[in-house]
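Colleague: There's a structure below that I have some questions on.
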Amino acid sequence: MADRGAPMSYMTLEPGTPVLSSDGAEVGSVAHVLADRDADIFDGLVISCRGGHRFVDAPDVEQIAEHGVTLRLDRAGVDRLHEPSGNPAQMSADPDDTAESDLARKLRRAWDLISGKY
């Protein structure tokens, strides 16, 4: 694995930073960092890649460094990432379940950032 530089915080991560898969391929660049900076919670990234924008959940981020972000996903895994959407589809509905899923919340937040709502 090539040297990506010193590790750094998601708080200093800039749009346009290269994003690499676990197998070393450059798969895109950072479009947005999803985080609650006040609570110091990193939710994930929206990356810009050849297929459009994709949401990368925080556990799928291996390392954030000066010269690039390395994912825990290989190229095929990146190809399977979800596109951020304003209203993520719900697979099932239970009248007693009013809480939004964690993934749906993160995708909604990604869409809000991309669309300029926030």
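Colleague: For the pair MET11/ARG50, report the inter-label distance in nm, with labels modelled 7 Å from Cα in the Cβ direction.
Modeller: So the label points at MET11 and ARG50 sit 3.7 nm apart.
Colleague: Sticking with this structure for a sec: Please give the contour-minus-distance gain from ALA25 to ARG75: 0.36 nm per residue of separation, less the Cα-Cα distance, rounded to one decimal in nm.
Modeller: Contour length minus Cα-Cα distance gives 17.3 nm.
Colleague: Something else: With the contact rule set at Cα under 8 Å and sequence spacing of 6 or more, what percent relative contact order holds for region 16-72?
Modeller: Relative contact order for region 16-72 comes out at 33 percent.
Every read-out reported here was derived from the displayed coordinates using simple, explicitly stated rules and does not represent laboratory data. What you see is a predicted model, and the numbers here were worked out from it, not measured in a lab. Positions of Cβ are backbone-derived with ideal geometry, glycine not excepted, and every protein chain shown enters the neighbour counts.
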